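S.K.: Provided herewith is a single structure, encoded as structure tokens, for subsequent inquiry.
The values are calculated or read from the model by the stated rules, or taken from the named source; none is laboratory data. All values derive from a computational prediction rather than experimental measurement. Positions of Cβ are generated from backbone atoms using ideal geometry, with glycine treated the same way; all protein chains shown enter the neighbour counts.
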Amino acid sequence: MFNSKTKSDETPNGSTTIIGAGTTITGDIESCGDIRIDGTLIGNLTGKAKVLIGADGYVEGAVKGKNADVLGKVTGQMDIKEVLQLRGKCNIDGDIYAGKLEVEPTATFNGRCHMGANVVELNVELATAVNQ
């Protein structure tokens, strides 16, 4: 009956943003709901819910989110608060900061990996301090 969440904290029901195959976006994207990239993003991606990079998806920039599934390619740092799944023939070139990491045998990852919820929060705090 009483809920501590405000409207701005809630993810819109059924709200998913899709960047389709064949689409290229240059610039940063910030999403409150789930987001799926099947095209190309040249810029940073910040999602407050689930981030999914499809098999044909490509992101050149930092990826931040609560949870993420990667089947495509990411060139840049990934900051995932809860669970990051590297699936299929995905290719990651960059450092990973994740609460938990799941890697399938066919995935490729080149970079450093830092795990644990406190590592993700510390990294975000450091990045905020450096940018100020």
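S.K.: In segment 71-100, which residues are farther than 14 Å from residue 115 by Cα, among the hydroxyl-bearing types (Ser, Thr, Tyr) and crowded, with 23+ Cβ neighbours inside 10 Å?
M.R.: If the condition is that a residue be farther than 14 Å from residue 115 by Cα, among the hydroxyl-bearing types (Ser, Thr, Tyr) and crowded, with 23+ Cβ neighbours inside 10 Å, then no residue fits.
S.K.: State whether the residues of segment 101-108 include one that is over 10 Å from the mean Cα position of the chain (by Cα), of a type outside the set (Asp, Glu) and closer than 22 Å to residue 39 by Cβ.
M.R.: Within segment 101-108, one or more residues are over 10 Å from the mean Cα position of the chain (by Cα), of a type outside the set (Asp, Glu) and closer than 22 Å to residue 39 by Cβ.
S.K.: Another question about this same structure. Go through segment 6-26 and report how many residues are farther than 14 Å from residue 57 by Cα and either at pLDDT below 60 or surrounded by 11 or more Cβ atoms within 10 Å (Cβ to Cβ) (or both).
M.R.: The qualifying residues number 10.
S.K.: Those residues that are under 9 Å from the mean Cα position of the chain (by Cα), among the small types (Gly, Ala, Ser) and not in a strand (DSSP E or B), I need them from segment 50-83; list them, please.
M.R.: The answer is 62, and nothing else.
S.K.: Touching a Gly at 6+ places or on another chain (Cβ under 6 Å), crowded, with 17+ Cβ neighbours inside 10 Å, without any contact (Cβ under 8 Å) to a residue 24 or more places away in the chain and under 23 Å from residue 112 (Cα atoms): does that describe residue 57? Outline the logic, then answer.
M.R.: Details: touching a Gly at 6+ places or on another chain (Cβ under 6 Å): yes; crowded, with 17+ Cβ neighbours inside 10 Å: yes; without any contact (Cβ under 8 Å) to a residue 24 or more places away in the chain: no; under 23 Å from residue 112 (Cα atoms): yes.
No, not satisfied.
S.K.: Moving on. Would you check if residue 39 is surrounded by 19 or more Cβ atoms within 10 Å (Cβ to Cβ), in contact (Cβ under 8 Å) with a residue 24 or more places away in the chain, under 23 Å from residue 15 (Cβ atoms) and not acidic (Asp, Glu)? Full working, then the answer.
M.R.: On the way: surrounded by 19 or more Cβ atoms within 10 Å (Cβ to Cβ): yes; in contact (Cβ under 8 Å) with a residue 24 or more places away in the chain: no; under 23 Å from residue 15 (Cβ atoms): yes; not acidic (Asp, Glu): yes.
Criteria not met by residue 39.
S.K.: Further question on the same structure: Just the residues that are within 13 Å of the chain's Cα centre (by Cα), farther than 19 Å from residue 82 by Cβ and not in a strand (DSSP E or B), please, taken from segment 16-43.
M.R.: 28, 43
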